[in-house]
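Student: Got a structure for you, written out below as structure tokens; questions coming shortly.
The values are calculated or read from the model by the stated rules, or taken from the named source; none is laboratory data. Please read all numbers here as calculations on a predicted model, not as lab measurements. As a convention, Cβ positions derive from the backbone with ideal geometry for all residues, glycine included, and neighbour counts pool all protein chains shown. Side chains included, ligands, DNA and RNA excluded: accessible areas come from the protein's heavy atoms. Shrake-Rupley method; radii C 1.70, N 1.55, O 1.52, S 1.80 Å.
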Amino acid sequence: MGGAAINRRFGWRILYTEDGALYTPGVFYCKDAFEGLATMDALGDPRQREALLNQLYAEAARELGQAARPKPARAEKSRSRVVPSL
């Protein structure tokens, strides 16, 4: 994500879900297209991806005072609200 209306701190803040769990795929703020390309390259390499995610989690935890260990977001079961007609 990027753009004039948002910043890195916003990216760290939305990294956490409403219940406080870490969104484990990550939310990455890039100040410009060049940083975006470097981030995408790192995400494509499994070793660099792990290092990039660990760095992201640590920065967000330090800046926001959250636990540095990722807590996977709970998958909620969704149920249809449509009542079948007979």
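Student: Measure off, as a whole percent, the carbon and sulfur share of the 1.4 Å-probe accessible area of the range 30-69, all protein chains present.
Tutor: Of the solvent-accessible surface of the range 30-69, carbon and sulfur hold 53 percent.
Student: If I model a spin label at Glu18 and Leu64 as a point 7 Å from the Cα along the Cα→Cβ vector, what separation in nanometres do I get?
Tutor: 1.5
Student: While we're on this one: Per residue of the range 35-42, in order, report the coupling 6.51 cos²θ - 1.76 cosθ + 1.60 (Karplus, θ = phi - 60°) as ³J(HN,Hα) in whole Hz, putting x for Gly and Pro.
Tutor: The phi angles translate into 5, x, 5, 5, 5, 5, 4, 5 Hz.
Student: Quick query: amide H of Ala21 versus all other amide H atoms, modeled in the peptide plane; which residues come in under 5 Å with a sequence gap of 5 or more or a different chain?
Tutor: Distant-sequence amide H within range of Ala21: zero hits.
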